[in-house]
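**Student:** The structure follows.
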Amino acid sequence: MPRFFIKISALLAIVIFTYACKKSDGATTETGGTDTVVVDKNAPPKTWQEHWFEHEQLLTNTFYDTSVCVYYDDDVSKSIVWPNDYMAKVWNYTKKVYGSFGKVGNDNRLFVVLHQGKYSGGHPSTYFDASHDYRNTIDCGSTTANAWGTYDYGTVAIPTHEVGHIVEGASKGIHNSPAFPVWGDSKWMEIYIYDVYLGLGLDDFASHWYDEMMVKSDDFPAAGTQWFKNWFYPIYSQHGKAAVLNGFFETLARNFPTRIAADGSKEYTRDMNLGEFIHFWSGAAGVNLKEQATLAFGWTTETNAQFTQAQLDFPGIKY
Ligand SMILES: *[C@@H]1O[C@H](CO)[C@@H](O)[C@H](O)[C@H]1NC(C)=O
């Protein structure tokens, strides 16, 4: 074959390849021989080997888009597709309210892991955590038969709850949840979930949830505390709804002590006490919430001392 012909072929191949790569920011087509292979740079790994807690499944990716990547273990029916849309909506809404979750260059999608017949319950992980390969992850399991089969009020609560943990643990580019010891595993989630349902237009879920939460009672910080009824719902409904929820994390990020961790990420240095919690929520709401706190939690001399100290320690928080 004449030399110039080879050169022209090579040049043509380069031109075709360059064109293919520029075609769109999603799919590119690479031609090789007679096969055409579609390569999507958004594609997550086809499988994901679990290496956290007691989990040891080889997960299979069943769906992905620009918002979510869904993985099932071998016992979850691939006919279950509601998480593809629902979890993408939850994640989209969450990012709209609380900002993005990820560093430049990192995958900031939500990785949704479902298990059938094992690992009852759920847990989150954030883009800060090596435990789940720096992916914003919710991992939910159940031993109930066909646990994830139906999209309904009962099924969506746990996956939605786990996303709320990502919010508290990783919003505003800062790792850790200083309020966790105050509100525990699920009090923040009660209002977060309520707001998500409303934000997604799921009014039936929202009103069902509201009815359930209004009669809940806990033994912290004081016996008989009704977190939703006497703390979160009044603040939410009177001081800006989603904006006041986000405002709490904004107020934290602007004022609460942080440091740069060994791996270079920013993290809160410590937990907050109840008095600081009331001060920070007052900042988010723009009003002094002492009266609301008294109704919700009671007002002890310790709370009073903490609250007074918080006002001295964080004078930038005004209300
Ligand atoms: C989530 O947001 C992305 C980006 O705006 C959008 O393309 C996608 O359709 C949304 N997903 C759902 C399920 O609404």
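**Student:** Need the failing condition index for SER131 against (1) modelled with pLDDT under 95; (2) more than 16 Å from the ligand (Cβ to nearest atom); (3) among the polar types (S, T, N, Q), just the number.
**Tutor:** Only one criterion is unmet by SER131, namely (1).
**Student:** Further question: Go through (1) surrounded by 13 or more Cβ atoms within 10 Å (Cβ to Cβ); (2) modelled with pLDDT under 95; (3) more than 16 Å from the ligand (Cβ to nearest atom) one by one and return the number of the condition ALA27 breaks.
**Tutor:** (3)
This table checks each residue for (1) under 14 Å from the mean Cα position of the chain (by Cα); (2) of a type in the set (Gly, Ala, Ser); (3) more than 16 Å from the ligand (Cβ to nearest atom); (4) closer than 24 Å to ASP263 by Cα.
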site	(1), (2), (3), (4)
SER77	no, yes, yes, no
LYS89	yes, no, no, no
PHE101	yes, no, no, yes
TYR127	yes, no, yes, yes
GLY141	no, yes, yes, no
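Residues checked against (1) buried (at least 21 other Cβ atoms within 10 Å of the Cβ); (2) hydroxyl-bearing (Ser, Thr, Tyr):
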{"site": "LYS89", "(1), (2)": "no, no"}
{"site": "TYR93", "(1), (2)": "no, yes"}
{"site": "PHE111", "(1), (2)": "yes, no"}
{"site": "HIS123", "(1), (2)": "no, no"}
{"site": "GLY141", "(1), (2)": "yes, no"}
{"site": "TYR153", "(1), (2)": "no, yes"}
{"site": "ILE166", "(1), (2)": "yes, no"}
{"site": "PHE180", "(1), (2)": "no, no"}
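**Student:** Restricting to region 276-304, what's the tally of residues that are within 27 Å of LYS216 (Cβ to Cβ), more than 26 Å from the chain's Cα centre (by Cα) and not hydrophobic (A, V, I, L, M, F, W, C)?
**Tutor:** 10
**Student:** Which one is surrounded by the fewest Cβ atoms within 10 Å (Cβ to Cβ) among residues in region 182-206 that are under 22 Å from ASP218 (Cα atoms) and β-branched (Val, Ile, Thr)?
**Tutor:** Per the criteria, the residue is VAL182.
**Student:** So, one more: Quick one: is ALA293 more than 19 Å from ILE191 (Cβ to Cβ), at pLDDT 95 or above and assigned to a helix (DSSP H, G or I)? Before the answer, list the steps.
**Tutor:** Values: more than 19 Å from ILE191 (Cβ to Cβ): no; at pLDDT 95 or above: yes; assigned to a helix (DSSP H, G or I): yes.
Here the answer is no, as ALA293 does not meet what is asked.
**Student:** Scan region 214-257 for residues that are under 24 Å from the mean Cα position of the chain (by Cα) and of a type in the set (Val, Ile, Thr) and report the count.
**Tutor:** 3
**Student:** For region 103-121: of the residues being in contact with a Phe, Trp or Tyr (Cβ under 9 Å, 6 or more places away or on another chain) and not hydrophobic (A, V, I, L, M, F, W, C), which is nearest to the ligand (Cβ to nearest atom)?
**Tutor:** ARG109
**Student:** I need every pair where a residue in region 96-125 that is at positive phi has its Cβ under 7 Å from the Cβ of a residue that is buried (at least 20 other Cβ atoms within 10 Å of the Cβ) and assigned to a loop (DSSP other than H, G, I, E, B), sequence separation at least 6 or different chains.
**Tutor:** GLY102/TYR127
**Student:** Continuing with the same structure: Being assigned to a helix (DSSP H, G or I) and touching a strand residue (DSSP E or B) at 6+ places or on another chain (Cβ under 6 Å): is that true of SER120 here?
**Tutor:** No.
The values are calculated or read from the model by the stated rules, or taken from the named source; none is laboratory data. What you see is a predicted model; the values in this text were computed from it and never measured. Glycine also receives a Cβ, built like all others from the backbone with ideal geometry; neighbour counts cover every protein chain displayed.
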